[in-house]
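Heads up, the thing below is written out as structure tokens.
The values are calculated or read from the model by the stated rules, or taken from the named source; none is laboratory data. Everything quoted here is computed from the prediction, not taken from an experiment. Neighbour counts run over all protein chains shown; Cβ positions are idealised from the backbone, glycine included.
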Amino acid sequence: MAAGLPIMKRILPLLLIITSSTIAQDASVKPGINDKFLDPKLNVEEWTKKFETESREIFHQRDKIVAETGLKPGMAMADIGAGTGLFTLHFAQAVGESGKVYAVEIAKNFIEHIKARASSAHASNVQTVLGTGKSVELPEASIDLAFICDVYHHFEYPQTTLATLHKALKPGGTLVLIDFKRIPGQTSDFIMKHVRAGQEVFEAEITAAGFEKTGEVKDLLKENYFVRFTRK
């Protein structure tokens, strides 16, 4: 019995977080985190410079990240929190003309930017979707894969949003989560304050929402983790 105590000490806090989150689904876990993106005066050019720079790990490794998702021609996928469209056109190329990419965003200015970007690239398989703080606003069983990169920590209502994502994914569909490692003593102060929890907590929330962890890519990223889940 004593040997099991360390494990219980690790699991109990996670269970408490999940239980509290499930009971209070309408309570924001981080109020105001998305206010700047909802501002009608959002400067897309400014955010493009921040998001799409070689010094940003996920931008530098974008081609390898797309390859690791396992997307194939003809698949339908959702780029959740697509931002400036950093990955969107890469996904459009991966699924081909017979596939579909839903670029989901809560920021209207980003939506318009992605529309223009897709039009310039003649990527007719890209469809923008204006989501909300509680819903990805996708049709039921409409996608084979959902991609959430450095965005999950911006989910104000994770359980409510995950429920809509679970519904949008086809049974057996894949959810790819990439987010910042949050390790006290190693992670920067900015990330420690900005990102509300670490990998274990985020994984626990996602599995509690009806997903099963099925894999992890460990050798590609240093500042982020890359985890795969399957929709039950």
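Considering (1) in contact (Cβ under 8 Å) with a residue 12 or more places away in the chain; (2) farther than 21 Å from residue 37 by Cβ; (3) of a type outside the set (Val, Ile, Thr), say which one residue 185 fails and leave the rest.
Answer for residue 185: the failing condition is (1).
Conditions tested, residue by residue: (1) within 22 Å of residue 204 (Cα to Cα); (2) out of contact with any His (no Cβ under 8 Å at 6 or more places or on another chain); (3) aliphatic (A, V, I, L, M).
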residue	(1), (2), (3)
66	no, no, yes
75	no, yes, yes
83	no, yes, no
103	no, yes, yes
116	no, yes, yes
130	no, yes, yes
142	no, yes, no
157	yes, yes, no
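Residue 65 - would you say it is under 27 Å from residue 199 (Cβ atoms), surrounded by 23 or more Cβ atoms within 10 Å (Cβ to Cβ) and in contact (Cβ under 8 Å) with a residue 12 or more places away in the chain?
Details: under 27 Å from residue 199 (Cβ atoms): yes; surrounded by 23 or more Cβ atoms within 10 Å (Cβ to Cβ): yes; in contact (Cβ under 8 Å) with a residue 12 or more places away in the chain: yes.
It is true that residue 65 is under 27 Å from residue 199 (Cβ atoms), surrounded by 23 or more Cβ atoms within 10 Å (Cβ to Cβ) and in contact (Cβ under 8 Å) with a residue 12 or more places away in the chain.
Given the conditions (1) at pLDDT below 95; (2) part of a strand (DSSP E or B), and given that residue 212 satisfies all but one, which numbered condition is not satisfied?
(1)
Can you tell me how many residues within segment 173-209 are under 14 Å from residue 227 (Cβ atoms) and part of a helix (DSSP H, G or I)?
Summing the residues that are under 14 Å from residue 227 (Cβ atoms) and part of a helix (DSSP H, G or I) in segment 173-209 gives 9.
Anything in segment 97-122 that is surrounded by fewer than 17 Cβ atoms within 10 Å (Cβ to Cβ) and either within 17 Å of the chain's Cα centre (by Cα) or small (Gly, Ala, Ser) (or both)? List them, or say none.
98, 116, 119, 120, 121
Just a yes or no: is a residue in segment 219-231 surrounded by fewer than 18 Cβ atoms within 10 Å (Cβ to Cβ), of a type in the set (S, T, N, Q) and free of Cβ contacts under 8 Å to residues at least 40 places away in the same chain?
Quick first cut of segment 219-231, residues surrounded by fewer than 18 Cβ atoms within 10 Å (Cβ to Cβ) only: 219-220, 222-223, 230.
With of a type in the set (S, T, N, Q) added as a condition, the list becomes 230.
Add one more test, that the residue is free of Cβ contacts under 8 Å to residues at least 40 places away in the same chain, and what stays is none.
Looking for residues that are surrounded by fewer than 18 Cβ atoms within 10 Å (Cβ to Cβ), of a type in the set (S, T, N, Q) and free of Cβ contacts under 8 Å to residues at least 40 places away in the same chain, one finds none in segment 219-231, hence no.
For segment 142-172, which positions are surrounded by fewer than 23 Cβ atoms within 10 Å (Cβ to Cβ), in contact with a helix residue (DSSP H, G or I) (Cβ under 7 Å, 6 or more places away or on another chain) and assigned to a loop (DSSP other than H, G, I, E, B)?
142, 150
Is it the case, given these coordinates, that residue 5 is modelled with pLDDT under 95, surrounded by 10 or more Cβ atoms within 10 Å (Cβ to Cβ), among the hydrophobic types (A, V, I, L, M, F, W, C) and more than 18 Å from the chain's Cα centre (by Cα)? Outline the logic, then answer.
On the way: modelled with pLDDT under 95: yes; surrounded by 10 or more Cβ atoms within 10 Å (Cβ to Cβ): no; among the hydrophobic types (A, V, I, L, M, F, W, C): yes; more than 18 Å from the chain's Cα centre (by Cα): yes.
Here the answer is no, as residue 5 does not meet what is asked.
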